[in-house]
Amino acid sequence: MIGVYDSGFGGLTVLRRLRERLPERDFLYLGDTGRAPYGGRDSHTILDFAEQCVERLFEEGCRLVVVACNTVSCVALRHLQRRYAGAGSTRRILGVSIPAAEVAVATSAGHIGILATARTVASGTLPIEIAKLGTHRVTQRAAPFLAQIVEEGWEGTEIARLSVARYLEGLEGVDTLLLGCTHYPLLLPAFESATRARILDPAPFVAGRLAEWLARHPSFDASGSGALRVLSTGDPSVFRAHAPRFLGEDVPEVGHVAEEAGRLAHRATVQITTGQVLR
């Protein structure tokens, strides 16, 4: 069983491509919707959340975890790999940032534009990885409002079209636009109406790279029945309502996990706190 971790719903767009490419594999998706979004948080908080989420996936029996969240992949992937998947470890953690850089370089004629969360842009990870592969010019821009538009289900509205166009102002010279957030593929019509650049959703390439990796490392996962399990730190009913827009299909029953004493633990009921809290 392969674990897939994301800060919320967006990683389901990556899971969708993974399941298309690897239909015989079993997947466990963990969406940290109760603490999303990550894009505006400080790096150390992201590291704390990421540790808890990958530990939960390991405890569920996943030996291979794919970090589908661009923010976590750009900020915390090396930390996670060193902490949990170092030399001699029977676990592996893979991200989306390197495959995204690879497909951008392979596609671009010379000028790559990147739209992503504020923390992804601030990390500088994608330009660094692109520079390892070529001499392309890179222009980044943080677009924090776009993920919120998708979270609200407004991707087909005039607000979405105008917001995408505004964020793309000044990027007219790019020939390739890399979508550096897993929410952005749902805004594809708005992007297509706002730019003549080639638009790259790296998720299909991530899926292809994972298939190649598994072929080279068959001991890390075995074929299953194509089953899917889902965990969320937020309200499971809300997750099930929103997930089909991202995954392209309904999700099974969603299990609830929440932070207790610095780790994510299963909870039978969802506790929604209202009003003031006294401790």
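In region 42-60, how many are more than 18 Å from R78 (Cα to Cα) and either basic (K, R) or out of contact with any strand residue (DSSP E or B) (no Cβ under 8 Å at 6 or more places or on another chain) (or both)?
Of the residues in region 42-60, 2 are more than 18 Å from R78 (Cα to Cα) and either basic (K, R) or out of contact with any strand residue (DSSP E or B) (no Cβ under 8 Å at 6 or more places or on another chain) (or both).
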Looking only at region 60-79, which residues are part of a helix (DSSP H, G or I), surrounded by fewer than 24 Cβ atoms within 10 Å (Cβ to Cβ) and not basic (K, R)? L77, H79
Return the residues of region 24-77 that are out of contact with any Lys or Arg (no Cβ under 6 Å at 6 or more places or on another chain), within 22 Å of F205 (Cβ to Cβ) and among the polar types (S, T, N, Q); say none if nothing qualifies. N70, S73
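Count, please, the residues in region 80-117 that happen to be of a type in the set (G, A, S) and surrounded by 16 or more Cβ atoms within 10 Å (Cβ to Cβ). Steps first, please.
Looking only at region 80-117, we keep the residues that are of a type in the set (G, A, S), and these are 85-89, 95, 97, 100-101, 104, 106, 108-110, 113, 116.
Within this subset, residues satisfying the condition of being surrounded by 16 or more Cβ atoms within 10 Å (Cβ to Cβ) are 85, 95, 97, 100-101, 104, 108, 113, 116.
Qualifying residue count, region 80-117: 9.
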Out of (1) assigned to a helix (DSSP H, G or I); (2) closer than 30 Å to L28 by Cα; (3) of a type in the set (D, E, K, R), the one E155 does not meet is (1)
Hey, can you tell me all the residues within region 11-48 that are at pLDDT 95 or above and either assigned by TED's automatic domain parsing to the domain that holds L186 or of a type in the set (D, E, K, R) (or both)? R16, R17, R19, E20, R21, E24, R25, D26, D32, D48
So V174 passes all but one of these: (1) crowded, with 20+ Cβ neighbours inside 10 Å; (2) part of a helix (DSSP H, G or I). Which condition number does it fail? (2)
Specify which of the listed residues (E172, E155, E151) is modelled with pLDDT under 95 and under 22 Å from S7 (Cα atoms). E151
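The values are calculated or read from the model by the stated rules, or taken from the named source; none is laboratory data. Keep in mind that what you see is a predicted model, and the values were worked out from it rather than measured. All Cβ positions, even for glycine, are placed from backbone atoms using ideal geometry, and neighbour counts span all protein chains on display.
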